[in-house]
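Notes follow once the structure below has been shown.
Every number in this text was worked out from the coordinates using simple rules, so none of it is lab data. Keep in mind that what you see is a predicted model, and the values were worked out from it rather than measured. FYI the Cβ positions are ideal-geometry reconstructions off the backbone, even for glycines, and counts take in every protein chain you see.
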Amino acid sequence: MLPERKLRASKCSGCGEISYPARLVCPKCGPTLADKVAQVELSSQGTVVMWTKLRVTPTGFPSPLTICVVDIDGVKILGTAVPDSRIQDLCRVRIVEDPSGKFPFQFAA
Amino acid sequence: MTKFGKHPDKDIIALAVEAGLKAINDAGQDDLKVDGVYVGTAASGQFCVMENTGPMVAEQLGLLPCEAVRIENTTASGSTAIKEAYRAIAGGFLDTALVVGAEKMTHLPLEAATKVIASCMTHPTTETVHGATMPSLAAMFSRKYLEKFGLSTKYLAMVAVKNHGNGLLNPYAHFQKKISIDDAMNSPIVADPIRVTDCAPISDGAAAVILQSGNSAGKSSKRPVKILGMGHSTDRQLFYQREGDGYSIGALKLASQKAFDDAQLTPKDVDVAELHDAFTILEIVDSEDVGFFNKGEGARALEEGRTQIQGELPINTSGGLKARGHPLGATGTAQIVELVWQLRGEAGQRQVHDARTGFACNFAGFGNSAVATVLQVS
């Protein structure tokens, strides 16, 4: 089993909004309350909300490539599925390391 | 405007000058004095190694020492340049402005062009790095919409077929080739469920307009077309993180509302529209978010022929981004050129009967910025 990854996000102590990628300013509270935003670690599991199998991939990327958007702790994060993963809407996935180092992380069903 | 397509022998400045000259001559004023030049290009620096396209175009058109600037808002550069010029004139700072939208992008090898386009469209550290492309984003959005409203991909094909049919009537269109539903449904999959025929092409080209204060426009031998309202709104770049129902482009709703409010008109008053069909799903979704049809009903309206040239609300008579082509920074300006031709009765075989009020919407990326315009002929 591939080791799990926990992604770094930011959270606003004013309204509770979590942002990925991490931000300096809460998107809901705006710049006047920026001192309420701090870094947090997300859980390593989530649920697929949408996905596609990309066939025309950019140079240097395998084809086909399964792109997914996964809900992790309420925030939607895009990534790719490990090869041969069976992905569909609502399936549970873990965020894992990519041993080849090509992808910053991947999703495994 | 120039024809959109491949122009291997013309650089971006040559394309912009060609379109600019046509607009200046079309204005019908022998003593026309341009006091400001706005050039909309998404990425002239990366595609053509020229950042300062504003002053370069002004110089080549013999307009120095007027003020000149390049306006960048990725694929909404062409309409944003118009918006900025409009505000300068409405604010009394300029009397006459030339706006040129231009892009030259077909000369780069595919790999290099793809990287430049990615820099305009997908988020570098959370999308591009994973191999995601705009078509993969459009595919996920398309599938969600089609599933929600119980529609097949045949409705996406209908957009492409209609727009190619209109492109055939437009001498400036990149594609002047009819396609059938079968052709579209059998075209290769780019990202499931969208196909090559669901994606606008890359193209070279330029389009230009002259904007003037009311006083000066009144002296023209051509019928002036008035900008009654413009709206410009933004939203999160990562579309799946936006607020809203997940089947709409929020920035477009806001921009359209503002444009209609300023114009003191409603979507029902529109006779002809140019919408941003970078992907076929977007023509359907735009038609709802602008307020022409209720959410989920845009596809049926298309199926019923209501958005054909002879229909009650013709959309993309030019062929849209799909068939007219999509030189990134030129598109927004070309939409306005088409509307002006329609509203003046100069649209030839594409002419909509009795068109008085036009609407255009143009976006950046997948809707993280949207510009809407309402026009009316005097």
Starting from the coordinates of the alpha-carbon atoms of the range A:45-108, obtain the Kirkwood hydrodynamic radius over all distinct pairs and give the value in Å to one decimal.
-> 11.8 Å
Point-to-point label distance, B:Glu303-B:Arg223, nm (Cα→Cβ direction, 7 Å offset) = 3.7 nm
Using alpha carbon centers only, the range B:219-275 is separated from the range B:9-44 by a whole-angstrom value of 25 Å
What share of Cα pairs, in percent, lie more than 15 angstrom apart in the range B:125-209?
-> 65 percent
What are the residues whose amide H is under 5 Å from the amide H of B:Ala42, where those residues sit 5 or more places off or on another chain and H is modelled from the backbone?
-> B:Gly329
Student exercise, the range B:33-110 dipole from Lys, Arg, Asp, Glu Cβ charges, in Debye to nearest 20 | 140 debye
Most mobile listed residue (A:Thr47, A:Thr57, A:Thr80) in chain A, GNM with C-alpha springs under 10 Å = A:Thr57
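Quickly estimate the mean residue ellipticity at 222 nm for chain B, helices only: each DSSP H run with n ≥ 4 gives -39500 (n - 2.57), and the total goes over all residues, rounded to 500.
Computed mean residue ellipticity for chain B: -11000 deg cm²/dmol.
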Taking each residue of A:63-69 in turn, how many C-beta atoms of other protein chains fall within 10 Å of its C-beta, and what is the average?
-> 5
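Based on other C-beta atoms within 10 Å, arrange B:Asp26, B:Asp31, B:Asp182 from fewest to most.
By the 10 Å Cβ count, ascending: B:Asp31, B:Asp182, B:Asp26.
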For the range B:281-292, in order, what is each residue's ³J(HN,Hα) by Karplus, 6.51 cos²θ - 1.76 cosθ + 1.60 with θ = phi - 60°, in whole Hz (x at glycine and Pro)?
-> 4, 5, 5, 5, 5, 4, 4, 7, 5, 6, x, 6
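Thinking of chain A as a set of Cα atoms, what percent of all their pairs are more than 16 Å apart?
60 percent
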Excluding same-chain residues fewer than 8 positions from A:Lys6, which aspartates and glutamates have a Cα within less than 12 Å of its Cα?
-> A:Glu41, A:Asp73, A:Glu97
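Residue separation times 0.36 nm, minus the C-alpha to C-alpha distance between B:Asn215 and B:Asp261: what's the value?
Value of the extension gain: 14.2 nm.
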Unpartnered cysteines - no second Cys beta carbon under 4.7 Å - across the protein assembly as shown = A:Cys15, A:Cys68, A:Cys91, B:Cys48, B:Cys66, B:Cys120, B:Cys199, B:Cys361
What is the calculated FRET efficiency for A:Lys6 to A:Ser85, with r their C-beta to C-beta distance and R₀ = 22 Å, to the nearest 0.05?
-> 0.65
Proxy exposure order for B:Ile181, A:Ile87 (fewest C-beta within 10 Å first) is B:Ile181, A:Ile87
Along the range B:358-364, what does the Karplus equation 6.51 cos²θ - 1.76 cosθ + 1.60 (θ = phi - 60°) give for ³J(HN,Hα), rounded to whole Hz, x for Gly and Pro?
-> x, 9, 9, 9, 9, 10, 9
³J(HN,Hα) across the range B:148-158 via Karplus (A = 6.51, B = -1.76, C = 1.60, θ = phi - 60°), whole Hz, x for Gly/Pro?
-> 4, 9, x, 10, 8, 5, 4, 5, 5, 4, 4
